[in-house]
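Chemist: Once you've had a glance at the structure underneath, I'll fire off some questions.
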Amino acid sequence: MNIWNRVQEGISWRIDKYCKNIVPYIIKGRFTYGTCPVCDKKTLFIDRDPERSRESFLCIFCNSSSRHRAIMLVLKNNFPEYQNLCIYEPSPGGAVSDKLKRECKYYTDSHYFPDVAPGKTEKGFRCENIEETTFDNSVFDIIITQEVFEHILHPSKAFAEIKRILKPHGVHIFTIPFEKDKKTTFRVLEDKDGLHFLEDKIYHGNPIDKKGSLVITNWGHDIFDYIFLHSGMNTKIFTIRDNNFGFGNRIYYVFMSNNLSSSF
């Protein structure tokens, strides 16, 4: 095959991909135009599944979801020089994690592997349990978690641990499925006899486990009190609704806890 044929084949593949992945949503009116805060490009945002807009309203360039873009906006607006800060992200995955790993000098990530000693490396990732990490006190400026805290068996321990490893004035920026009109409920509890399932099992996607991650907690409006009770951190909520960044006139929530209550 000569070079010209290869070029034609490449162009044909791109046109075919564009027609299959983008044009149908444009025809249906399930798109918007704006600037992606993850890849910083003018782009189309395609709404692949209106029932799952947090995960499926995607940038055509970096594949970021609305949830990704919301947390990136909060990070950029509050820490415009985040690239020079010490950032830790447990359970990374997706466009934001890729960006942070690429841009940040002092970025650390980890996954939890039950059969691996904490602090060791497995599959290219450091192994850490966010309920009890191996990090020293006051290490990180920012800790980012994306859709993690609904899966943690003992979230009270995890929030306290985040406070411990944050530097003074450090922050925890995070997203969770959030039901603002309901109280927090626990789907699973643990005691000396093991796990007790109070509701049907639900699993979310997990980048390192095909089985997925079990949902432990349905977080509600009392999460602010819960975090303060177990960590002493004050938490604020950012309500994101700006169609210029591909949110489709929907509301998205990002949380930020500070390890010094007087900072808010």
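Chemist: Any chance you could count how many residues in region 41-56 are in a helix (DSSP H, G or I) and out of contact with any helix residue (DSSP H, G or I) (no Cβ under 7 Å at 6 or more places or on another chain)?
Modeler: 4
Chemist: Report yes if some residue within region 200-214 is of a type in the set (Val, Ile, Thr), buried (at least 16 other Cβ atoms within 10 Å of the Cβ) and more than 26 Å from Gln83 (Cβ to Cβ); otherwise report no.
Modeler: Taking every residue of region 200-214 in turn, none turns out to be of a type in the set (Val, Ile, Thr), buried (at least 16 other Cβ atoms within 10 Å of the Cβ) and more than 26 Å from Gln83 (Cβ to Cβ).
Chemist: Quick check: is even one residue across region 64-71 under 21 Å from Tyr33 (Cα atoms) and surrounded by fewer than 16 Cβ atoms within 10 Å (Cβ to Cβ)?
Modeler: No: region 64-71 contains no residue that is under 21 Å from Tyr33 (Cα atoms) and surrounded by fewer than 16 Cβ atoms within 10 Å (Cβ to Cβ).
Chemist: Then there is this: Restricting the search to region 34-86, which residues are modelled with pLDDT under 95, aromatic (Phe, Trp, Tyr) and farther than 15 Å from Ile251 by Cα?
Modeler: Phe45, Phe61
Chemist: Name the single residue that is nearest to Lys210 (Cα to Cα) among those in region 98-127 being buried (at least 18 other Cβ atoms within 10 Å of the Cβ) and in contact with an Asp or Glu (Cβ under 6 Å, 6 or more places away or on another chain).
Modeler: Selected residue: Phe113.
Chemist: All but one of (1) assigned to a helix (DSSP H, G or I); (2) touching a strand residue (DSSP E or B) at 6+ places or on another chain (Cβ under 7 Å); (3) charged (D, E, K, R) hold for Lys236; state the number of the condition that does not hold.
Modeler: Failed condition: (1).
Chemist: Still on this structure, please answer the following. Here are some conditions: (1) in a loop (DSSP other than H, G, I, E, B); (2) out of contact with any strand residue (DSSP E or B) (no Cβ under 9 Å at 6 or more places or on another chain). Ala117 meets all but one. Which one does it not meet?
Modeler: That leaves (2) as the condition not met.
Chemist: Look through Glu131, Glu89, Glu103 and report the one residue that is touching a His at 6+ places or on another chain (Cβ under 8 Å) and acidic (Asp, Glu).
Modeler: Within the list Glu131, Glu89, Glu103, the selection yields Glu131.
Matching residues to (1) touching a residue at least 60 places away in the same chain (Cβ under 8 Å); (2) touching a strand residue (DSSP E or B) at 6+ places or on another chain (Cβ under 6 Å); (3) among the β-branched types (Val, Ile, Thr):
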{"residue": "Thr184", "(1), (2), (3)": "no, yes, yes"}
{"residue": "Lys210", "(1), (2), (3)": "no, no, no"}
{"residue": "Trp219", "(1), (2), (3)": "yes, yes, no"}
{"residue": "Tyr226", "(1), (2), (3)": "yes, no, no"}
{"residue": "His230", "(1), (2), (3)": "yes, no, no"}
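Chemist: Something else now. Kindly indicate which of Lys120, Lys101 is touching a Pro at 6+ places or on another chain (Cβ under 8 Å), without any contact (Cβ under 8 Å) to a residue 24 or more places away in the chain and of a type outside the set (Val, Ile, Thr).
Modeler: Going through Lys120, Lys101 in turn, just one is touching a Pro at 6+ places or on another chain (Cβ under 8 Å), without any contact (Cβ under 8 Å) to a residue 24 or more places away in the chain and of a type outside the set (Val, Ile, Thr): Lys101.
Chemist: Could you identify the single residue in His169, His196, His151, His230 that is under 18 Å from Thr133 (Cβ atoms) and not in a loop (DSSP other than H, G, I, E, B)?
Modeler: Being under 18 Å from Thr133 (Cβ atoms) and not in a loop (DSSP other than H, G, I, E, B) holds for just one of His169, His196, His151, His230, which is His230.
The values are calculated or read from the model by the stated rules, or taken from the named source; none is laboratory data. Since this is a predicted model, take the numbers as computed values, not measurements. Neighbour counts run over all protein chains shown; Cβ positions are idealised from the backbone, glycine included.
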